[in-house]
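Q: Structure below; questions to follow.
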Ligand code: NAD
């Protein structure tokens, strides 16, 4: 029988080099801090570099990287640049995302494409560039995609956002299947309603308050509610046999 590993070692990410996209606020900033606190070296990427520089002051293991994920042609070069501070990347957290739009009939021209460019095309391009380098090195490596409960359902979400997050879930499965033999694990976190810049105003509005009443746990989540799932999926020691999975963290919302 394999020896039992204590939790502190199971989730020790020393030796891991992570790239977290959309790390200038919300979940991404939290992910960067949690990974760094567990020994990973982290390249925190986003467009608002001054915020990343602030984040980098919180931990010596965090370095900023200017990145607009919608610049698809730049993705291979940006993955290479991200390997500058700490060496080859072993973990990619595709977190950058936008939510916009409402009803399909009201969506202005171009908005659907904008949501898909950020939430889907960018995940594809960055993952592809990351995987090519990881395959050349022989792995191991991991990708964590940030999906959503609206990967599974539509509910009252803006349709374009729900479509994009469904694509993230299927992309997670397709990449997991293709890259398992290369020792690259690809999993997703599917959060419910979590307080952040994206959701803050909405959750405080009457519509948002009504939605929170429908959450079985009767509260919105905090970014810290995702810490354990992030560490589980990031650690090859803890989840080495998990790939193509999506972990729902939503206070029971999908059940209601
Ligand atoms: P947020 O708005 O605080 O964070 C999104 C981040 O992505 C920001 O830092 C933003 O600057 C960045 N970003 C957007 N477009 C970018 C681009 N073109 N290039 C680089 N960075 C870009 O919101 P959040 O809630 O922290 O969202 C993080 C992820 O979690 C998103 O993918 C979102 O869809 C997903 N998510 C959030 C919730 C929630 O309730 N907060 C629920 C499910 C899924």
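Q: Return a whole-number percent for the relative contact order of the stretch 9-77, with Cα pairs under 8 Å and 6 or more residues apart as the contact set.
A: Values: 127 pairs, mean separation 20.0, N = 69.
Here the relative contact order equals 29 percent.
Q: Let me ask something else about it. Counting other C-beta atoms within 10 Å, which of 199, 118 has the fewest, and how do the rest follow?
A: On the way: 199 18, 118 21.
Sorted ascending by nearby Cβ count, the order is 199, 118.
Q: Here's another thing I want to ask about it. Using only the alpha-carbon atoms of the stretch 78-127 as identical scatterers, what base-10 log of I(q)/I(0) does the Debye formula give at q = 0.26, 0.27, 0.28 Å⁻¹?
A: -0.98, -1.02, -1.06
Q: May I ask for log10 I(q)/I(0) of the stretch 175-225 at q = 0.14, 0.20, 0.24, 0.30 Å⁻¹, from a Debye sum over the Cα atoms as equal point scatterers with solvent left out?
A: At q = 0.14, 0.20, 0.24, 0.30 Å⁻¹ the computed log10 ratios are -0.50, -0.68, -0.84, -1.16.
Q: Here's something else I'd like to know. Placing one identical point scatterer on every Cα of the chain and ignoring solvent, what is log10 I(q)/I(0) from the Debye formula at q = 0.07, 0.15 Å⁻¹?
A: These q points yield log10 I(q)/I(0) values of -0.22, -1.07.
Q: Now a separate question. Can you check how the C-alpha radius of gyration of the stretch 103-152 compares to 2.2 N^0.38 Å, as a plain ratio? Provide the component values of the computation, followed by the final result.
A: Working: Rg = 15.2 Å, N = 50, 2.2 N^0.38 = 9.7 Å.
It is 1.56.
Q: While we're looking at this one, here's another question. Could you give the distance between the Cα centres of the stretch 31-64 and the stretch 170-223, to the whole Å?
A: Centre-to-centre distance over Cα atoms comes out at 21 Å.
Q: Classify the stretch 105-244: rounded, prolate or oblate, from the alpha-carbon gyration tensor (a ≥ b ≥ c, eigenvalue square roots; a/c under 1.5 rounded; otherwise prolate if a/b is larger than b/c)?
A: On the way: a/c = 2.70, a/b = 1.52, b/c = 1.77.
Oblate.
Q: How much FRET efficiency would the formula 1/(1 + (r/R0)^6) give for residue 74 and residue 242, where r is the Cβ-Cβ distance and R0 is 30 Å, rounded to 0.05? Intermediate results must be reported in sequence, preceding the final value.
A: Working: r = 31 Å, r/R0 = 1.02.
Efficiency for this residue pair is about 0.45.
Q: Taking only the Cα atoms of the stretch 42-151, how large is their convex hull per residue, in Å³?
A: Each residue corresponds to 124 Å³ of Cα convex hull volume.
Q: For the chain, what's the relative contact order in percent, using C-alpha pairs closer than 8 Å and at least 6 residues apart?
A: Numbers: 499 pairs, mean separation 46.7, N = 256.
Relative contact order for the chain comes out at 18 percent.
Q: Still on this model: For a quick check: sort 161, 152 by the number of other beta carbons within 10 angstrom, fewest at the front.
A: Values: 161 23, 152 17.
Sorted ascending by nearby Cβ count, the order is 152, 161.
Q: Label the stretch 135-202 by shape, choosing from rounded, prolate and oblate, from the square roots a ≥ b ≥ c of the eigenvalues of the Cα gyration tensor; if a/c is under 1.5 it is rounded, and otherwise prolate applies when a/b is larger than b/c, oblate when it is not.
A: Numbers: a/c = 3.74, a/b = 2.17, b/c = 1.72.
In terms of gyration-tensor shape, prolate.
Q: Can you give the helix-only mean residue ellipticity at 222 nm for the chain, where every DSSP H stretch with n ≥ 4 adds -39500 (n - 2.57) and the sum goes over all residues, rounded to the nearest 500 deg cm²/dmol?
A: Details: 11 runs with 101 residues, N = 256.
Value at 222 nm, helices only, nearest 500: -11000 deg cm²/dmol.
Q: While we're here: Could you calculate the FRET efficiency of residue 25 with residue 137 from 1/(1 + (r/R0)^6), where r is the beta carbon distance between them and R0 is 35 Å, rounded to 0.05? Don't skip to the answer; put the middle values down first.
A: Values: r = 31 Å, r/R0 = 0.90.
It comes out at approximately 0.65.
Q: Also: Once you have a ≥ b ≥ c as the square roots of the Cα gyration tensor eigenvalues for the stretch 33-92, tell me rounded if a/c is under 1.5, and otherwise prolate or oblate according to whether a/b is larger than b/c. Show your work: numbers first, answer last.
A: Numbers: a/c = 2.28, a/b = 1.35, b/c = 1.69.
Oblate is the answer for the stretch 33-92, as a/c is 1.5 or above yet b/c matches or exceeds a/b.
Q: Still on this structure: How high is the relative contact order of the stretch 118-256? Use alpha-carbon pairs under 8 Å, at least six apart in sequence, and give a whole percent.
A: Values: 207 pairs, mean separation 39.6, N = 139.
Relative contact order here is 29 percent.
Q: Peptides 36-42, 211-217, 200-206: what's the order by average Cβ count within 10 Å, highest mean first?
A: Working: 36-42: 20.9, 211-217: 14.4, 200-206: 12.1.
Ranked by mean Cβ neighbours within 10 Å, highest first: 36-42, 211-217, 200-206.
Q: Which order do 241, 31 fall in if you start with the one that has the fewest other Cβ atoms within 10 Å? Please list the in-between numbers first.
A: Numbers: 241 7, 31 27.
Least to most surrounded, the residues fall as 241, 31.
Rule-based calculations on the coordinates, nothing more; no lab input. Given the structure is predicted, the values throughout are model-derived calculations rather than measurements. Reconstructed Cβ throughout: ideal geometry from the backbone, glycine too, with neighbour counts over all protein chains shown.
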